[in-house]
Amino acid sequence: MELPDRAAPGVETLAGAAADAACALADAAGPAGWSLAAAEDAADAIDTLAAALADIDPEAARLLTAIPAATKALLRHFGQEQEADAAVSATAARPSQLPKPRRRGLGPGWQGLTDASAKR
């Protein structure tokens, strides 16, 4: 399948920003700069982008089917499962206290979306 030369409004800009952010993150973190929370957020971003690309057509979806399992395995490798197991054990001891839901931040510096047409 060949994609068109032009994307929907804003898509190329956002895709470029995502690529720039990924490069900046890789440069800032390096091999020793990661935490579990940062790795979870990066894995969520990978999963979200893979799902968006998979929506293009069935072949794209087929090519990207391994991504969610790979990011889940990566987080398990980094200890997410042990952390989840500890939370489950803590809840079993005190059923009235549920574990906090996983954080889902937009990152430092998030200022929201702007509408380019409103600036006219």
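The values are calculated or read from the model by the stated rules, or taken from the named source; none is laboratory data. Quick caveat, the model's predicted, so the values are computed rather than measured. Counting neighbours? That spans all protein chains shown, and the Cβs are built from the backbone with ideal geometry, glycine included. Heads up: the accessible areas ignore ligands, DNA and RNA and are worked out on the full protein's heavy atoms, side chains in. Shrake-Rupley method; radii C 1.70, N 1.55, O 1.52, S 1.80 Å.
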Seminar exercise, completed: Rounded to one decimal in nm, the spacing of the 7 Å Cα→Cβ label points at A60 and K72 is 2.3 nm
Seminar exercise, completed: Along region 62-68, Karplus-curve 3J(HN,Hα) (6.51, -1.76, 1.60; θ = phi - 60°) to the nearest Hz, with x for Gly and Pro, reads 4, 5, 9, 4, 7, 4, x
Exercise. If r is the Cβ-Cβ distance from A24 to E2 and R0 is 30 Å, what FRET efficiency results, to the nearest 0.05?
Worked result: 0.45
For this session: For R6, R76, give the ranking by accessible area with the largest first, probe 1.4 Å.
Result: R6, R76
For this session: Check each of the GluC sites (Glu not before Pro) in region 1-55 and keep only those in coil by DSSP with at most 10 other C-beta atoms within 10 angstrom; list them in order.
Result: E2
